[in-house]
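Everything below concerns the one structure shown next.
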Amino acid sequence: MRMPKLILAVLATVAWLSTCIPAAAQEPKYLYRATLLQAAPGRLLELIEFCKTKVGLDAKDGNQTALWMRHSQGDHWDLLLLFPMESYAEYYNQKRIEQRYVADVLVRALTTNTVMVAWQEDIFVYGPPFEELKAAFAKGSFYHVEMMQALPGQLRTLQLERGWENTYAKELKRPENFIFVRDQGAAWDIFTIGVYRDIKHYAEGADIPVKLQEDAAKKAGFDSASAIGPYLRTLISTHHDTLAVAVK
């Protein structure tokens, strides 16, 4: 049975596009729960100790522990925790539910403990493989977090733009951002995390010669280095930046 020419043309186009999309912009497949917490006034250190206890229990029970960071400047949250789930089916199988039972009791207490937590937001996202992210966090202690909401109809283009910025960073031998795409939960469509050794490493980008920046931007698909920011803002309605540090 012959396939209609239109269907063949569509399939050929899809196959061609898949080879054109940068690796960083390919659909992420590993599932995470991202939890943002703002401590009640004067309770931040207590909240940090509470989260350390939760991480310790996860490790004791044989679970992958959350990766987390503490706000330094920018948005209003104090802590960002990334819980590795892998997939809904894997996370909610009976064995893993039993493994994390004690730790989950603490989480439920946390969400109802209004004395310690002033605000909480959760979002389920697909992102990079956990081992890749874990290795980067082990080497870095300073983070740049960007959280965005896409304009209507621009989500896919925004995801591609994030990949182009990674191509730009790679050309300049700078750390690429880890890209996380919303599945359900809070309103953010995409957030990215750049991992750096320290604040000096983060600031090194300002010392790159303009000629190298221009060449890298054009190779990534932008008109120029100065056009990257304005183009991004044609795709988004909301953009929050946060600088964060590792929790000691």
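Values for this structure:
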{"quantity": "Shape of the stretch 104-194, Cα gyration tensor, a/c cut at 1.5", "calculated": "oblate"}
{"quantity": "Over the chain: helical MRE at 222 nm, DSSP H runs n ≥ 4 each giving -39500 (n - 2.57), nearest 500", "calculated": "-12500 deg cm²/dmol"}
{"quantity": "Greater than 26 Å apart at Cα, pairs in K139/K200; K29/K95; K52/K173", "calculated": "K52/K173"}
{"quantity": "Per-q log10 I(q)/I(0), the stretch 25-246, q = 0.14 Å⁻¹ (Debye; single scatterer per alpha-carbon; no solvent)", "calculated": "-0.92"}
{"quantity": "Nitroxide proxy distance, nm - points 7 Å out along Cα→Cβ at Q184 and E86", "calculated": "2.0"}
{"quantity": "Estimated distance in nm for a label pair at E132 and V245, the labels positioned 7 Å out from Cα along Cα-to-Cβ", "calculated": "2.9"}
{"quantity": "Distance from the stretch 123-142 to the stretch 170-248 (C-alpha centre basis), Å", "calculated": "16"}
{"quantity": "Computed label-point distance, nm, for sites N93 and S224 using a 7 Å Cα→Cβ extension", "calculated": "5.5"}
{"quantity": "Residues E49 and A206, FRET efficiency given R0 of 30 Å [Cβ-Cβ distance, rounded to 0.05]", "calculated": "0.25"}
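Read-outs: derived from the displayed coordinates by stated rules, not from any lab. Just so it is clear, the model here is predicted, and its values are computed rather than measured. Note: ideal-geometry Cβ built from the backbone for every residue, glycine included; neighbour counts use all protein chains shown.
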